[in-house]
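Notes follow once the structure below has been shown.
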Amino acid sequence: MKTSRLIGVLLATAIAVPASVMAHGVQVPAGSKKLQIFKNVQRMPIASMNEPGVNAYFEDVVASSDSKAPIACGMFRIEKGKPLVYTYDYDDTKMILDGHIFFSDGTQKVKGVPGDVMFFPKGSTITFSTDQSGLAWACGQRKLF
């Protein structure tokens, strides 16, 4: 089998794999016009962000291949414990799906609940916390992590 055909088969297989078994997201091929679906994403395993003492998790699900205006989306979860402090080097949004998450930019603190959407501009430093747990869908103007 030619290398280019093998790569095409592997890429098609990766796109068809259910989100529950994905690792680090799927990049949609440049020029693709094909609808993509990722089922039961809220139930997929989410990797630790590996911040000592912080119970925060993030996993990319899908991203564009557009190098000039990239977009990548994934699942974010935080559980009770030490807060996560994150400085954005890209614009980002989060939509709360389950539980609640407290967000602070140093001047205000808000409680995000299911249905709320937060916007974090490039350069902002945000503190994430919860007294229980929270799950959010995140989309940012960045490439896959």
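The values are calculated or read from the model by the stated rules, or taken from the named source; none is laboratory data. Please read all numbers here as calculations on a predicted model, not as lab measurements. In this analysis, Cβ positions are derived from the backbone assuming ideal geometry, glycine residues included, and neighbour counts consider all displayed protein chains.
Summary table below
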{"read-out": "Flag if VAL85 is in contact with a strand residue (DSSP E or B) (Cβ under 7 Å, 6 or more places away or on another chain) and free of Cβ contacts under 8 Å to residues at least 40 places away in the same chain", "value": "no"}
{"read-out": "Counted residues, the stretch 124-140 - those being crowded, with 17+ Cβ neighbours inside 10 Å and out of contact with any Cys (no Cβ under 9 Å at 6 or more places or on another chain)", "value": "7"}
{"read-out": "Boolean, GLY140 is of a type outside the set (Phe, Trp, Tyr) and farther than 25 Å from LEU35 by Cβ", "value": "no"}
{"read-out": "All positions within the stretch 68-84 that are modelled with pLDDT under 95 and surrounded by 16 or more Cβ atoms within 10 Å (Cβ to Cβ)", "value": "PRO70"}
{"read-out": "Enumeration of residues in the stretch 90-112 that are surrounded by 15 or more Cβ atoms within 10 Å (Cβ to Cβ), in a strand (DSSP E or B) and without any contact (Cβ under 8 Å) to a residue 40 or more places away in the chain", "value": "GLY99, ILE101, PHE102, PHE103, SER104, GLY112"}
{"read-out": "Sole residue being of a type in the set (Val, Ile, Thr), at pLDDT 95 or above and over 16 Å from PHE128 (Cα atoms), chosen from VAL61, VAL9", "value": "VAL61"}
{"read-out": "Top-ranked residue in the stretch 113-130 [being touching a Phe, Trp or Tyr at 6+ places or on another chain (Cβ under 8 Å) and not in a strand (DSSP E or B); ranked as farthest from ASP89 (Cα to Cα)]", "value": "THR130"}
{"read-out": "Residue match in the stretch 39-52 (condition: touching a Cys at 6+ places or on another chain (Cβ under 8 Å) and either over 22 Å from ILE96 (Cα atoms) or surrounded by 17 or more Cβ atoms within 10 Å (Cβ to Cβ) (or both))", "value": "no"}
{"read-out": "Number of the exception - TYR57 against (1) crowded, with 16+ Cβ neighbours inside 10 Å; (2) over 14 Å from the mean Cα position of the chain (by Cα); (3) of a type in the set (Ser, Thr, Tyr)", "value": "(2)"}
{"read-out": "Subset of the stretch 31-58 (residues that are polar (S, T, N, Q) and either more than 15 Å from GLY134 (Cα to Cα) or part of a strand (DSSP E or B) (or both))", "value": "SER32, GLN36, ASN40, SER48, ASN50"}
